[in-house]
Amino acid sequence: MKKLSILVAGLLLATAGVQAQETETTTFGPQAGSFGVELNFTPFGNSVFSTQGIKVRYFFNEKMAIRGTIDFSASPRTDFSYDVVNQGTPDEREVEYKSKSNTGSFSIAPGFEYHFASFKRGSVYAGAEIGFGLQTASYKLTNDDNDATTTIKGASYDITSGGVTGNRASTSFGAGLFTGVDFYVFKNLYVGAELGLRFTTTTESKVTVKTTDNVGDTVLDETIDDFGRSSSFGFFCEPSFRLGWTF
């Protein structure tokens, strides 16, 4: 234990020495023409590092920067279920149902930052951004008994069965004002926090349902027009530190 304490103390002193030397010879903060990349840092959470898309910044000078966040994902899933038909008859058999659902999302949020106050290791900034999001969803159900197929676009579940929840395709738009702070731990490595005011509206897409029988003839072909629209407006605060680096 004594040796471990001496080792930890030595490491802390070495780190302090490096920081002191770096402070004397290094200029902290954004420089003209530099890029920044960020991820979320939650030191006491279940997931220490996480991303809400790829966030990048470009500094025109020490005060002005453009930024943008891009995020995309895809989540395919296949499920199997079984049922017995004609139970208790000579034609009794087990039928396998295979369902495939797929959801995907894409979002982009460009913005502008103005760093209006600076200190030795960082700066305070404010800015504005807009955002656009798109979510896709589809569903397909087949069985090995009569080869009937149900295909749904606009939802990731069988919307005709009722009582089943899932994702709906949608589009969203948002805009916001924000303020934040960057603190440079080392020359090109910083942590920060951000809060602001944001408005977002989301509209679900229409859903098309098509069912074909075992010979490919269309049994059902309809569009479900019911959709929802939701909006939100209020203050936001990111639930984690921003950890970024510039180059």
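The values are calculated or read from the model by the stated rules, or taken from the named source; none is laboratory data. Quick caveat, the model's predicted, so the values are computed rather than measured. Every residue, glycine as well, gets a Cβ built from its backbone with ideal geometry; the counts of neighbours run over all protein chains shown. Keep in mind that these areas ignore ligands, DNA and RNA; they rest on the heavy atoms of the full protein, side chains included. Shrake-Rupley method; radii C 1.70, N 1.55, O 1.52, S 1.80 Å.
Multiplying each eigenvalue of the alpha-carbon gyration tensor of region 80-209 by 5 and taking the square root yields semi-axes of 53, 17, 10 Å, largest first, rounded to whole angstroms.
Say the cut-off is 29 Å between C-alpha atoms; which of K55/K187; K98/K206; K55/K153; K55/K98 go over it? Where the Cα-Cα span goes over 29 Å, the pairs concerned are K55/K153; K55/K98. Calculated FRET efficiency, T89 to N146, Cβ-Cβ distance, R0 = 25 Å: about 0.90 to the nearest 0.05.
Solvent-accessible surface of protein heavy atoms, probed at 1.4 angstrom with all chains present, puts L134, L177 in the order L177, L134, largest first.
In plain terms, the bigger the Kirkwood radius, the slower the diffusion; for region 137-238, with that radius from Cα pairs, at 37 °C and 0.692 mPa s, Stokes-Einstein puts D at 190 µm²/s. Take the Cα of F233, step 7 Å toward its Cβ, do the same at I108, and the gap between the two points is 2.7 nm. Roll a 1.4 Å probe over the protein heavy atoms and report the accessible area of F72 in Å², nearest 10. Accessible area, nearest 10 Å²: 150 Å². Amide H to amide H, with H built 1.01 Å from N, D145 comes under 5 Å of E96, counting only residues 5 or more places away or on other chains.
Look at the dipole of region 50-144 built from charges on Cβ: of Q87, S138, A128, the Cα furthest out on the positive end belongs to A128.
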